[in-house]
Amino acid sequence: MLEDLRSERSATVPFPPGDTSVSLARTRRFAEDPFSLLLESYERFVSIFTLRVFHSNVVFMLGPAANHYITVSHASNFTWRESHFRDLIGLMGDGLLTIDGDFHRRSRLIMLPAFHREHIAASAQAIVDETTSALERFVPGARIDLYAWTRRLALRVAMRALFGVDPDGEQARSIDAARLFEEALSFYTSDYFLRVLRGPRTRWARLQQTARKLDTLIYSEISRRRATGERGQDILSLLLDAHDEDGNTLSDLQIRDEVMTLMFAGHDTTTSTVSFMFYELARHPHILARLLAEQDTQLAGEPPTPAQLVSGELAELEMVLEETLRKYPPAWIGPRRAVEAFEFEGHTVPARAFVNYCSWVSHHLPHVFPEPEQFRPERFAPDAPALPKGAYVPFGGGSRTCIGMRFGQLEVRAIATLILSRCTLSLPEDFTLNIRQMPTISPKSGLPMLVGPRTAATAPSLTAAA
Ligand code: HEM
């Protein structure tokens, strides 16, 4: 904190205009409802402004040009590691998300083959199997919490597909890996003021203890695989054998950090996307009808094939997925810190300033997405007008574009297709959606849904009409 204040005081150029007085109310509002605060600030100051939140000035840059500036054209002037999200290092160590510069570039090159289309396709069966068995609970008349259900499912998928560990196997069950992982994540959903405390018996200390327990599982799996030479289709297997052009391989510590990063980065993002998608479908029966009609003609009662899931060839579902990620981009904020001072749209930003881009607000600017609160998949129809560069950034952009994008899309498509082929989900009448923001956006108190029989539906296809 002191270092943050010192670097703010040593600024050699002014911060962009904004609200820079110390204000507990603003800090609270940022923690509880950043969306409306940022949208309101955009209306006052337009695409770049400063807000004092928590203890320091934070610069926000919003809209297509800002997103492109931070993620693509001037990406090398920003670091992730020193951003406001730096406490993620406590769980993930030096994985892809928290490293910068040459280390990031080299690690990404080593990791990329693990996310090629054919490796991702190899995970499809595991996702379909896990989803099919989890769907046994979806009997007509049941009430389920779709968010909690998907969270559990996504964790099982991650353990199998990323890590090659059987979630029902002896070791994973003996340390209750799923519970430990949830416990570690709960640090990041706790109140900001609790998260900054350090020392014994703080939430930080508990996070460290939980991370060490999870390490036991990860390291023992790494050493078992190294000793036996056993490999599978999972991403851990690929990391164990991965090397760069100079023949450098990953150490056990690097593999541990990458596995933990992938588990973290891939977990709540896909879970939230499935939840928000079904929330919107329950409120838009005509869109649901189009998805069912598409399934009837293209799948004809058969489960989707890995090729169909990887390619995203169910066009109506694809548009619904894209619109869900527009309205509710789970990784809603891109935290960075400026290396050198810079100028953007006539305003200066000091070196070492905290700078964030924000997909959530950028996706709600009416001049870019008219009537942004409306859920309209046709925005993404093949003949819809092209969007400006940087307008649509649910997976970030440039050299830090989400490495798990294909995996996440595959997972959401598979889960959504299988749910849709089995039943209809509706919302209880008294349900109101509240959104939690940290660390990703998700339904605050879960998503209760009522399971009904699958309705046969016919509806005009948007893509056929287009
Ligand atoms: C719908 C699902 C997902 C969404 C919306 C999403 C979104 C994002 C976004 C916006 C970023 C960039 C953040 C920034 O610029 O600061 C990112 C990075 C990342 N994501 Fe995802 N993600 C998803 C799924 C996944 C999955 C399934 C995995 C792992 C299997 C994953 C692993 C990562 C990693 C490792 C990074 C860091 C990449 C780098 O810095 O090089 N994500 N994700």
Kirkwood Rh in Å, taken over the range 315-466 so that all alpha-carbon pairs contribute: 18.2
Residue among 90, 119, 78 farthest towards the positive dipole end of the range 61-148, charges placed on Cβ: 78
Residue-count net charge about residue 422 - beta-carbon cut-off 14 Å; Lys, Arg +1, Asp, Glu -1: -1
Rg to Rh quotient for the range 262-331, alpha carbon positions, Kirkwood Rh: 0.99
Taking the C-alpha atoms of the chain, convex hull volume expressed per residue in Å³: 155
Cα centre as origin, Lys/Arg/Asp/Glu Cβ charges: the chain dipole, Debye: 1140
Order of exposure, largest accessible area first, which applies to 170, 373 with probe 1.4 Å: 170, 373
Over the chain: helical MRE at 222 nm, DSSP H runs n ≥ 4 each giving -39500 (n - 2.57), nearest 500: -15000 deg cm²/dmol
Given charges at Cβ of Lys, Arg, Asp, Glu: the chain dipole, positive-most of 338, 147, 235: 338
Sulfur and carbon atoms: percent of accessible area, the range 329-461 [1.4 Å]: 54
Unit charges on C-beta of K, R, D, E only; dipole of the range 147-253, Debye: 700
Sequence-separation-based contact order of the chain, relative, with Cα cut under 8 Å and 6+ spacing, percent: 26
Computed log₁₀ I(q)/I(0) - Debye formula, equal Cα scatterers, no solvent, the range 1-156, q 0.10, 0.17 Å⁻¹: -0.63, -1.16
Nearest-20 debye value, the range 256-388 charge dipole, Cβ charges on Lys, Arg, Asp, Glu: 520
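The values are calculated or read from the model by the stated rules, or taken from the named source; none is laboratory data. The model shown is predicted, which means the values in this text are computed figures rather than measured ones. Neighbour counts are summed over all protein chains in view; Cβ atoms, including those assigned to glycine, are modelled from backbone coordinates with ideal geometry. Areas reflect the complete protein model, heavy atoms only, side chains present, ligands, DNA and RNA absent. Shrake-Rupley method; radii C 1.70, N 1.55, O 1.52, S 1.80 Å.
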